[in-house]
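Asker: This is the structure, below, for whatever I ask next.
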Amino acid sequence: MIPFLDLKAINAQYREELIEACSRVIDSGWFVHGVEVKAFEAEFAAYCGAKHAIGVANGLDALILTLRAWKELGKLKEGDEIIVPANTYIASILAISENKLTPILVEPDAENFNLSLKSITSAITSKTKAILPVHLYGKISPMKEIMALAREHNLLVLEDCAQSHGAMIAGKKAGTWGGAGAFSFYPGKNLGALGDAGAIITNDDELYNVLIALRNYGSHEKYKNNYKGVNSRLDEIQASILRVKLRFLDEETERRQRIARRYLQEINNPLIKLPISLAKEEDVWHLFVIRTGYRDKLQKFLDENGIQTLIHYPIAVHKQQAYLEFQDQSLPITELLHEEVISIPISPIMTDAEVSFVIEILNKFRK
Ligand SMILES: *Cc1c(COP(=O)(O)O)cnc(C)c1O
């Protein structure tokens, strides 16, 4: 069986170093917000090319707290409209509604899966206050153009980078284009902890100052609370693990990119539509998502041949029970994508032979 993502084998590559990192924390006797978190924040900010990184408990909190901080700073208020791609993972949209802001779901570009300028432009109203681009599947959005549009309309930009650690376009990394970038280090992400973890990056000192308080009960100084904050702290063990894995992230990304290149060159079945990149060599291929009008049949065929696949995502957010208020919206591109997408294995530990086998089986598929 070629597993979709073998986390056991991925982490086994670094077993000794991960154990050493955990031991260091156990021996220190300090488990929350200490030297490891500080060091990881500095290392991750440097890796991304940002001034600050703020460790938090998970990726959803990274998104929620950034929007919350902009509310505290008076840059957003309840009811403001935030433009977000309709085909994203639900977390991007939950972060907006959690803050009592209004998500404006817009269609993605069908070939690239990300926000297109055209769809953003037609969604802008006098109530629009921010754009939340999601670099879905590790493919970066057209950030230069999005930032120009945001400047023209005086909009905030929060990048959802949960699937795009290290992705780059025009020489600038994901998360450094907008006012802030929100990252998840959920175990299956390109940079994955051994549990939940997340971070926000920003060059904005004012935003940074609010965020470091919000994640810690709204407090800058012990027992003195400036905001009604939350507990969303990154712990020392996860930070120590992320410090180890960050050192290997570029190497792992290169392996994903090599596999993606082979898939793009060698899969040539007319029943299968391959993804299109805006920045081929700089996408980080969190997922390799293909499209076909015969998805169930293809998934069964791959399974019979020992290839595990997943669907990202089977149900659109506007069709979820949680968002009945959106159920009447017509988003035909988004709905079609949810019927046609299927994610094939791509991971830093796949062998050349496994990649060849996946290609061979995909090319054999007939309707
Ligand atoms: C994983 C993910 C999140 C949420 O991250 P968690 O750490 O699971 O909270 C947000 N947005 C996108 C696009 C994701 O893929």
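Asker: With just the Cα atoms defining each centre, how far is the range 72-94 from the range 291-367? Give it in Å.
Answerer: Between the Cα centre of the range 72-94 and that of the range 291-367, the gap is 27 Å.
Asker: Another one. Sequence-distant or interchain residues sharing an amide H contact under 5 Å with Ile131, placed H: which?
Answerer: Answer set, sorted by chain and number: Ile83, Leu156, Val157, Leu158.
Asker: Okay, moving on. Zone of Ser97 (label point 7 Å along Cα→Cβ, backbone N under 15 Å): which residues in the range 69-90?
Answerer: Counting only backbone N, you get 79, 82, 84-90.
Asker: Of the candidates Glu340, Glu145, Glu159, which one comes out as most mobile in a Gaussian network treatment of the chain with C-alpha springs shorter than 10 Å?
Answerer: Of Glu340, Glu145, Glu159, the most mobile in the Gaussian network model is Glu145.
Asker: Could you check which residue among Gly229, Gly306, Gly175 shows the biggest mean-square fluctuation in a GNM of the chain with a 10 Å Cα cutoff?
Answerer: Looking only at Gly229, Gly306, Gly175, the biggest GNM fluctuation is shown by Gly306.
Asker: Output ³J(HN,Hα) for the range 190-203: one whole-Hz value per residue in order, computed from phi by the Karplus curve 6.51 cos²θ - 1.76 cosθ + 1.60 with θ = phi - 60°, and x for Gly and Pro.
Answerer: Couplings: 4, 10, x, 7, 9, x, 7, 6, x, 7, 10, 10, 7, 9 Hz.
Asker: Using mean Cβ contacts within 10 Å as the protection proxy, how do 25-35, 207-217 order, highest first? Can you show the working numbers first?
Answerer: Working: 25-35: 13.2, 207-217: 21.4.
Taking the mean over residues of other Cβ atoms within 10 Å, the ranking is 207-217, 25-35.
Asker: Going down the table (Lys100/Lys139; Lys100/Lys172; Lys189/Lys228; Lys100/Lys319), which pairs top 25 Å between alpha carbons?
Answerer: Over 25 Å apart, Cα to Cα: Lys100/Lys139; Lys100/Lys172; Lys189/Lys228.
Asker: Using a/c under 1.5 as the rounded threshold, could you call the range 196-294 rounded, prolate or oblate? The axes a ≥ b ≥ c are square roots of the C-alpha gyration tensor eigenvalues, and prolate needs a/b larger than b/c, oblate otherwise.
Answerer: It is prolate, given that a/c is not under 1.5 and a/b is the larger ratio.
Asker: With +1 on the Cβ of every Lys and Arg and -1 on the Cβ of every Asp and Glu, and nothing else charged, how large is the dipole of the chain about its Cα centre, in debye rounded to the nearest 20?
Answerer: 300
Asker: Quick check: from the Cα gyration tensor, does the range 86-143 come out rounded (a/c under 1.5), prolate or oblate?
Answerer: oblate
Asker: Using heavy-atom solvent-accessible surface (probe 1.4 Å) with all chains present, what is the largest-first order of Met168, Met143?
Answerer: Met168, Met143
Asker: Between Asn268 and Glu16, what's the calculated FRET efficiency when r is the beta-carbon distance and R0 is 56 Å? Round to 0.05.
Answerer: Details: r = 42 Å, r/R0 = 0.75.
So, using R0 = 56 Å, E works out to roughly 0.85.
Asker: What ranking do 179-188, 307-316, 66-75, 87-96 get when scored by the average of other Cβ atoms within 10 Å per residue, highest first?
Answerer: Order by mean packing, descending: 179-188, 87-96, 66-75, 307-316.
Asker: Only residues of the range 41-61 count here: report those whose backbone N is under 16 Å from the spot 7 Å along Cα→Cβ of Arg258, or say none.
Answerer: What the label zone holds, given the 16 Å backbone N cut-off, is no residue at all.
Asker: Please state the shape class of the chain: rounded when a/c is under 1.5, otherwise prolate if a/b exceeds b/c and oblate if not, all from the C-alpha gyration tensor.
Answerer: On the way: a/c = 1.95, a/b = 1.19, b/c = 1.64.
It is oblate, given that a/c is not under 1.5 and a/b is not larger than b/c.
Asker: Related question: Per residue, how much accessible surface does the range 178-227 expose to a 1.4 Å probe? Answer in Å², no decimals.
Answerer: Using a 1.4 Å probe on heavy atoms only, each residue of the range 178-227 averages 41 Å².
Asker: Still on this model: Taking amide H positions as placed in the peptide plane 1.01 Å from N, state which residues far from Ile169 in sequence (5 or more) or on other chains have amide H under 5 Å from it.
Answerer: Residues meeting the amide H criterion: Ala174.
Asker: Now a separate question. Specify the residue with the greatest mean-square fluctuation among Glu221, Glu43, Glu206, computed from a Gaussian network of the chain linking alpha-carbon atoms under 10 Å apart.
Answerer: Checking each option, the largest mean-square fluctuation is seen for Glu221.
Asker: Can you give me the C-alpha center-to-center distance between the range 214-271 and the range 108-152, rounded to a whole angstrom?
Answerer: If we compute the Cα centre of each part, the gap is 22 Å.
The values are calculated or read from the model by the stated rules, or taken from the named source; none is laboratory data. These numbers were taken from a predicted model, which means no experiment stands behind them. No Cβ is skipped: glycine too gets one built from the backbone with ideal geometry, and neighbour counts run over all protein chains shown. To get the accessible areas, we keep the full protein, side chains included, count just its heavy atoms, and leave off ligands, DNA and RNA. Shrake-Rupley method; radii C 1.70, N 1.55, O 1.52, S 1.80 Å.
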